[in-house]
Amino acid sequence: QVQLVESGGGVVQAGGSLRLSCAASGRTFSSYMGWFRQAPGKEREFVAAITWSGTLTYYADSVKGRFTISRDNAKNTVYLKMNSLKPEDTAVYYCARGFGTIARVEDAYQYWGQGTQVTVSS
């Protein structure tokens with residue numbers, strides 16, 4: 001079993017920055033990790049993903065150039081640095097651990113955190 005705990009969410013003004021963290025514990029096998037988000041009234045959507053080695057990263061078009069995913073395997077932690085935040089980035093952000101080949105779809109992720117709220121005010 002794998003446990004994922006997100007932190008770092010909060011309220012920030014448009015144009016500001018936040019860094020989310022996702023601490024993993026339990027049977028943390030080598031695997032890729034991803035971030036998703038769900039805004040009120042909308043479906044959960046892919047944000048970013050990173051391979052175990054950290055050499056490959058993928059981003060949704062809506063966050064490319066503003067968000068950066070990274071990981072520290074020694075600490076079993078994945079990060080999402082969010083810059084130039086916009087009101088439309090407001091959502092609950094979830095981290096997840098994938099299995100198989102790195103992917104952008106929810107079905108490829110086996111374990112999920114409880115989420116952390118990010119609110120961007122205009």
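The values are calculated or read from the model by the stated rules, or taken from the named source; none is laboratory data. Keep in mind that this is a model prediction, so the values were computed, not measured. Cβ: placed from backbone, ideal geometry, glycine included. Neighbour counts: every protein chain shown. Note: accessible area is taken over every heavy atom of the protein model, side chains too, but ligands, DNA and RNA are not part of it. Shrake-Rupley method; radii C 1.70, N 1.55, O 1.52, S 1.80 Å.
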Practice item. Springs between alpha-carbon atoms under 10 Å, Gaussian network over the chain: tell me which of Arg97, Arg71, Arg27 tops the mean-square fluctuations. Key: Arg27
Practice item. Would you mind computing, in nm to one decimal, how far apart the modelled labels at Ser17 and Ser62 are, each placed 7 Å from Cα along Cα→Cβ? Key: 2.3
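What order do Ile102, Ile69 take when sorted by accessible area (1.4 Å probe), most exposed first?
Ile102, Ile69
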Practice item. Could you pull the accessible area for Phe99 with a 1.4 Å probe, rounded to 10 Å²? Key: 100
Practice item. Please report, in debye to the nearest 20, how large the charge dipole of the chain is about its Cα centre when each Lys and Arg carries +1 at its beta carbon and each Asp and Glu carries -1 there. Key: 260
**Study point:** Size of the chain as Cα extents on the principal axes (Å, biggest first)
**Key:** 40, 25, 25
Check your understanding: Counting only protein chains, not ligands or nucleic acids, how are Glu106, Glu43, Glu88 ordered by accessible area (probe 1.4 Å), most first?
Key -> Glu43, Glu88, Glu106
